[in-house]
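Each remark here refers to the structure printed beneath this line.
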Amino acid sequence: MSKFMLTMGLLLGSLASLGTVAQAGEVQGRANAMRISAVAYAAYYQGEQVYILWNGNWYPGEILAVYNGRGTYKVHYDGYGSEWDEEVGPDRLSPQ
């Protein structure tokens, strides 16, 4: 059994045991929505070179940390000191 299938099985079991949904189709739909949300957070990875939107302009930089729980990233702007590092959402990032 793949890691994904095991994870989905545990997730589906957890949702069903909570009694939050009545039909299996609803459980599967919610599980898929949760999986898609998790994938959306993981769009960029630590160390990846990106462009960062700041004040209407795009600047080259790097992802320093990924905060999956918040769906944000800590970024560093190339050529600038660490005092300019900040936490941004995916809407301010673009791949290089």
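Read the figures in this text as sums done on the coordinates, not as results from a lab. The structure presented is a predicted model; accordingly, all values stated were derived computationally and were not measured. We place every Cβ from the backbone using ideal geometry, glycine too, and count neighbours over all the protein chains shown.
At a threshold of 8 angstrom on Cα-Cα distance, excluding pairs fewer than six apart, so keeping six or more, what relative contact order does segment 49-95 reach in percent?
Numbers: 84 pairs, mean separation 16.7, N = 47.
Taking the mean separation of contacting Cα pairs over the length of segment 49-95, I get 35 percent.
For ASN68 and GLU87, compute 0.36 nm times the residue count separating them, minus their Cα-Cα distance, and round to one decimal in nm. Don't skip to the answer; put the middle values down first.
Numbers: separation 19, 0.36 × 19 = 6.84 nm, distance 1.21 nm.
That pair, ASN68 and GLU87, stretches by 5.6 nm at full extension.
Could you give the length gained on full extension between LEU53 and TYR80, defined as 0.36 nm per residue of separation minus the Cα-Cα distance, in nm? Can you show the working numbers first?
Numbers: separation 27, 0.36 × 27 = 9.72 nm, distance 1.45 nm.
Value of the extension gain: 8.3 nm.
Let me check I've understood the local charge: for GLU86, count other residues with C-beta under 15 angstrom from its C-beta, Lys and Arg +1, Asp and Glu -1. What total comes out?
Details: positive: ARG70, LYS74, ARG92; negative: GLU62, ASP78, GLU83, ASP85, GLU87, ASP91.
For residues surrounding GLU86, the net value is -3.
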